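The values are calculated or read from the model by the stated rules, or taken from the named source; none is laboratory data. Everything quoted here is computed from the prediction, not taken from an experiment. Virtual Cβ from ideal backbone geometry, glycine too; neighbours counted across all protein chains shown.
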């Protein structure tokens, strides 16, 4: 099957670029001798997970229990569910763990820690530590850290932090600085727990930018990252991913022509309504238009509007094209996690026009 | 099963409100004696379609060929695929039509019209007319209208227009004015075709706002609308849907607590990144927080941030709440079509806490 034969809209994944991105991250972490626990929230695919795990211990990170169930059913046991657990979700975690998974959960809440300890099949649990993002987590110096640990008792498996505010960085120096604060906070929290007599085997940190650009990972036992596998325009704008290394694009068909514009069948559903590049120096609208080979031969042709199933591409006057209805293009996404979410599979290429595999995704919850 | 037993995030559909919204639209169109061809792009559910079709001829509108296939497999034959067709998609349409569907397609492109006429199993085709939206379609007075009709030959089934720019209106008067331009343009296009000797059985117009607020539908043979079934905060802001008549909400769990804020497990995936109320007088962020009963007892508690699986609710200081991790809330969406898209089913209630049915959705393409 050829790219030109595919239905549209659909996801195209360039395996060569994916492998290049995986190698870049593996090299970055090998400098520190720290293993990777790849975050599968972006790819949501066992085929991608297997490639991302080459040379790594084998554990992964997930963002939903649907992912946990899916990856567990494909033989991956060591799974960190990196979204704060609720007492109500513990039964489902226990059920998966009883059928072979080894799901580790996350909390920053004393009452939830007590609920975990009181559960008949309590999972191993990390305490979420806030090292500057201000989303979830207790501060490394908070009294709550020791309270939660005491309540968890033997279920405590360590600490984890996520420097999601690295996305507000705009340079390698920014990322390195945020990575050091992330590392320092996580290690400090682990030290406090150890001083209080707890065993803290896992000290987990990570985001793609800080994983790539950390100057030191001393005291860290594992790093989590996900977006680096595919990259996107936002990651390119913040300087952590080359634009030509974006591995995943949306294949689309021209469905209408207007002077200076093309109407395509990739709208808000196929691209997502994510507008993250709006906050950067180059606003790509809802995505950047590439040719069917994935090359930027259309200049700055961005998807300016995204209706439900219609996208409106504003052509770059310096790169005139005259494409008929039915012609195919590819769109590089603002935010690859969000864009992939509407699609149930990847059509995989090795950089040419041949589709060499179809890899399913696990969406939903 | 109770609402409190449901996994989160998930979609809750209030059947009573849905039926109320369906009745409101049916009444609005009955004044004109014009039938409805409900647009299933929002609900994507056969169960909702059956309710929306009560008292109507039975035809529907869809936004993807996946919807066409799904609804056809559930016994609905008369289906308008209301996104410009490409020559490459004609084989799939023909295949569905050969297995019992009667899919009508849409074009505004002369070359595509020729491709339709040359296809061994050409579908009935509407010419898309632009009555002010500026997205797809030829102008009612354009020479291309007659050119396309001539190329379609006996496959011409009529004209269709979509006044999507009604979403830029902010009052009933705006909607009525845009509806009249929509009606006039569609009828004018049909008249030109008839003057040229064509038979024009279908003159189709519609958007939820113009369908509800048209003063006249003279010359129109059918109206399309979809969002009206569920409504959303954006429709409430533009004055076409009461906020208490929003039928679909996202059930979510509290997963973290901060002063003045709640962290919930409905983020950008479960709510979508749609920010359409940003352009209105009340910016709801990524949604408005309701209590588990769907009531606005939390005041102006909006979802201020949406990460992939985390939402951050900023509580209204005038409506203090103290909810534990695991407590459930509901979020009214900015844009119901986009929010529903990440979910594979509705959990249906009759307004209380009992789940009376589960209705599947058809996503993707």
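Some notes on this structure:
- For residue A:59, the criteria (1) crowded, with 21+ Cβ neighbours inside 10 Å; (2) closer than 22 Å to residue A:347 by Cα hold in every case but one, which is (2).
- All conditions in (1) surrounded by 24 or more Cβ atoms within 10 Å (Cβ to Cβ); (2) in the same structural domain as residue A:148 (by TED's automatic domain parsing) hold for residue A:185, with the sole exception of (1).
- Candidate set from segment A:136-159 (those that are crowded, with 20+ Cβ neighbours inside 10 Å and within 14 Å of chain B (Cβ to nearest Cβ)); member that is nearest to the chain's Cα centre (by Cα): A:136
- For segment B:30-45, the condition of being away from chain A (no Cβ under 14 Å), in contact with a helix residue (DSSP H, G or I) (Cβ under 9 Å, 6 or more places away or on another chain) and assigned to a helix (DSSP H, G or I) holds for none of the residues.
- Residue-level analysis places residue A:179 outside the set of residues that are more than 22 Å from residue A:118 (Cα to Cα), crowded, with 20+ Cβ neighbours inside 10 Å, out of contact with any helix residue (DSSP H, G or I) (no Cβ under 9 Å at 6 or more places or on another chain) and touching a residue at least 12 places away in the same chain (Cβ under 8 Å).
- Annotation note: of A:260, A:268, the sole residue that is buried (at least 24 other Cβ atoms within 10 Å of the Cβ) and touching a residue at least 40 places away in the same chain (Cβ under 8 Å) is A:268.
- Residue B:53 being touching a residue at least 60 places away in the same chain (Cβ under 8 Å), touching a strand residue (DSSP E or B) at 6+ places or on another chain (Cβ under 9 Å) and either surrounded by fewer than 15 Cβ atoms within 10 Å (Cβ to Cβ) or more than 12 Å from chain A (Cβ to nearest Cβ) (or both): no
- Residue within segment A:9-29 that is over 26 Å from residue A:293 (Cβ atoms), within 14 Å of another protein chain (Cβ to nearest Cβ) and buried (at least 22 other Cβ atoms within 10 Å of the Cβ) present: no
- Test result for residue A:121, part of a helix (DSSP H, G or I) and away from chain B (no Cβ under 12 Å): no
- Filtered by the rule that a residue be under 23 Å from residue A:235 (Cα atoms), part of a loop (DSSP other than H, G, I, E, B) and more than 25 Å from the chain's Cα centre (by Cα), segment A:294-314 gives A:297, A:298, A:299, A:300, A:301.
- Exactly one residue out of A:77, A:26, A:30 is at pLDDT 95 or above, under 24 Å from residue A:228 (Cβ atoms), under 17 Å from the mean Cα position of the chain (by Cα) and in the same structural domain as residue A:129 (by TED's automatic domain parsing), and it is A:26.
- Set A:103, A:116: member being away from chain B (no Cβ under 14 Å), crowded, with 22+ Cβ neighbours inside 10 Å, free of Cβ contacts under 8 Å to residues at least 40 places away in the same chain and not in a loop (DSSP other than H, G, I, E, B): A:103
- Residue B:85 being part of a strand (DSSP E or B) and farther than 30 Å from residue B:292 by Cα: no
- Verdict on residue B:72 being farther than 28 Å from residue B:215 by Cα, more than 14 Å from chain A (Cβ to nearest Cβ) and either crowded, with 18+ Cβ neighbours inside 10 Å or touching a strand residue (DSSP E or B) at 6+ places or on another chain (Cβ under 7 Å) (or both): yes
- Of the residues B:348, B:325, the single one that is farther than 20 Å from residue B:236 by Cβ, in contact with a strand residue (DSSP E or B) (Cβ under 9 Å, 6 or more places away or on another chain), within 9 Å of chain A (Cβ to nearest Cβ) and surrounded by 20 or more Cβ atoms within 10 Å (Cβ to Cβ) is B:325.
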